[in-house]
Amino acid sequence: MRRRQFVGAALASGAAAALVTTKEATAQEASARAARGMPSPKIRDVSVIECAPQGVRLSVVKITTDQAGLYGYGCATFTQRADLVKPAVEKYLKPLLVGKPADRIEDTWQMAYNSSYWRNAADLNNAMSGVDQALWDIKGRMANMPVYQLLGGKAREAIDTYGHASGSEIAECIDSAKKYIAQGFRHVRIQVGVPGMAGYGSRAGGSRIPSLHNAPVFEREGAKRRALALFEAARKELGPEIELLHDAHERYTPSEAVQLCKDLEQYRLFFLEDPLSPEDIMWFPNIRAQTTTPLAMGELFNSPHEWTPLIRDRLIDYMRMHISQMGGLTPARKVAAFGEIFNVRTAFHGPGDVSPIGHMAMTHLNLSITNFGIQEYSEFNDAHREIFHGLPEMKDGYLWANDRPGWGMEIDEKAAAKYPFRNDPLNGGWGEVRLPDGQIVKQ
């Protein structure tokens, strides 16, 4: 009797084991089918959509795959040298990419980065940025998910932003800031014109200051005094709660930048942007040792050699790289993760010369990271809305992404063609600004 029970139990156990094995095999097969999903799409075409909906020249890369209806968009805008972007994409990257898998984003980025041997050129970086963002858009469309889900999902519901208040006079700038505050913004960047000078971010007023030339003129000490007067008035008028930002725009010498940061400390800035130029980043320890004014830097950086030491040594508080110029989402998410280790937050560059695709790419990245700081906001106009469908939505100073796959955006190419690149004397370049004695000053 015991023998029959033992044999029966053994047979039952074997049957159960066989059943488990069958279930595991079935589950593994189903998992493999799910992981395979669609066959790997191949890149069929790479093109550039050019438009200037706000008088600012925007370049967007479109990658089309060999699977019907599967394509993606990425921002490659470099408005100061816009005519270089399209040939960089179509003459140099397209031959490298056509026929390659569209779902191997990291591999494609490394291949494109190394393809020219001379790395970190601005036009190549913009071209790569457009390609990279377009591939992430494709990846999201394949997965039927917004890109932020591919990056780990939301770490917040929406993105806090800052607006740009300016004016030729201090009172005008403060009135502009009040309009942003009335719309729900908690952060405002303030810039005021300097009488008689070519300032940054605002209109100049008054009679031209004396100089030895006829070019636009700038004088550092006068600009510094004007900035301090602006912040003194802004704190009195706007109160202590509103977060105020300011852009020095790399126009000061290193020692002047140290003094400006010290003088601004009393006004409790959210951050001071670009107190130094990229060529002077070794001066950041001097600033950090002498003031608690929060510092933001990076919109002109091309290379990890520039931002790595500032983040590693905690010499800045906010990284300001330009997602459409630094190589796209792939390097941006890596440097964001790097910054998280050192508690350096993001404040990616988001002016009007980033396309709405680029703004959406920043929004998706910022939704998914824990060291998000702030996002620069530039308003979209009616022409933007005509060309770019699915724009990020602004509500009470917060930017919201939609939940459609990829970036959740489409481009009306016929509408884009209605806003061609304009011709101007410098073809998008910024020209010259000089000190009173005639020396060129950085812009």
Q) What does the highest-first list of 244-251, 121-128, 99-106 look like by mean Cβ count within 10 Å? A) 121-128, 244-251, 99-106
**Q.** Cα centre as origin, Lys/Arg/Asp/Glu Cβ charges: segment 181-301 dipole, Debye
**A.** 360
Q: Could you tell me the distance between the Cα centroids of segment 83-126 and segment 202-279, to the nearest Å?
A: 39
**Q.** Separation of the Glu90 and Gln290 label points, Cα + 7 Å toward Cβ, nm
**A.** 5.1
Q: Might you report the magnitude of the Cβ-based charge dipole of the chain about its Cα centre, with Lys and Arg at +1 and Asp and Glu at -1, to the nearest 20 debye?
A: 1660
Q) In nm, what is the difference between 0.36 nm times the number of residues separating Ser116 and Lys179 and their Cα-Cα distance? A) 17.9 nm
Q: Determine the percent antiparallel among the DSSP beta bridges restricted to segment 150-406, to the nearest 5.
A: 20
Q) So, counting K/R as plus one and D/E as minus one, what does the shell of residues with Cβ under 14 Å around Ser303 add up to? A) -1
Q) How big is the Kirkwood radius of segment 326-443, worked out from every pair of different alpha carbons and given in Å to one decimal? A) 16.8
Q) Taking 0.36 nm per residue of separation and subtracting the Cα-Cα distance, what length does fully extending Arg312 through Ala417 add? A) 33.3 nm
Q: Please state the charge dipole magnitude for segment 150-406, taken about the Cα centre, from unit charges on C-beta atoms (+1 on K and R, -1 on D and E), reported in debye and rounded to the nearest 20.
A: 280
**Q.** Fraction of antiparallel bridges per DSSP, the chain only, in percent to nearest 5
**A.** 50
Q: With runs of 4+ DSSP H residues as the only contributors, calculate the mean residue ellipticity of the chain at 222 nm using -39,500 (n - 2.57) per run, divided by the residue total and rounded to the nearest 500.
A: -12000 deg cm²/dmol
Q. Of Ile242, Ala88, Gly140, which is farthest along the charge dipole of the chain in the positive direction, counting Lys and Arg as +1 and Asp and Glu as -1 at C-beta?
A. Gly140
Q. At a Förster distance of 30 Å, what's the computed FRET efficiency of Glu157 paired with Phe342, Cβ-Cβ distance as r, to 0.05?
A. 0.70
**Q.** Cα gyration tensor, segment 383-442 - rounded (a/c under 1.5), prolate or oblate
**A.** oblate
Q: In nm, give the distance between the simple-model label positions of Asn144 and Val98, each being 7 Å from the Cα along the Cα-to-Cβ direction.
A: 3.3
Q.
Just want the answer: with Cβ charges of +1 for Lys and Arg and -1 for Asp and Glu, which residue in Met128, Cys51, Ile105 is farthest toward the dipole's positive end in the chain?
A. Ile105
Q | Distance (nanometres) between label positions extended 7 Å along Cα→Cβ at Lys262 and His389 | A | 5.8
Q) Applying the Karplus parametrisation 6.51 cos²θ - 1.76 cosθ + 1.60 with θ = phi - 60° to the phi angles of segment 86-98, what ³J(HN,Hα) value in whole Hz is obtained for each residue in order, glycine and proline being reported as x? A) 4, x, 4, 6, 7, 9, 10, 7, 4, x, 6, 9, 4
Q: Report the one residue of Gly201, His322, Gly298 whose Cα lies farthest in the direction of the positive end of the charge dipole of segment 198-353 (charges on C-beta: Lys and Arg +1, Asp and Glu -1; origin at the Cα centre).
A: Gly201
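We did not get these values from a lab; they are worked out from the coordinates using the rules stated. Everything numeric in this text was worked out from a predicted model, so none of it was measured. As a convention, Cβ positions derive from the backbone with ideal geometry for all residues, glycine included, and neighbour counts pool all protein chains shown.
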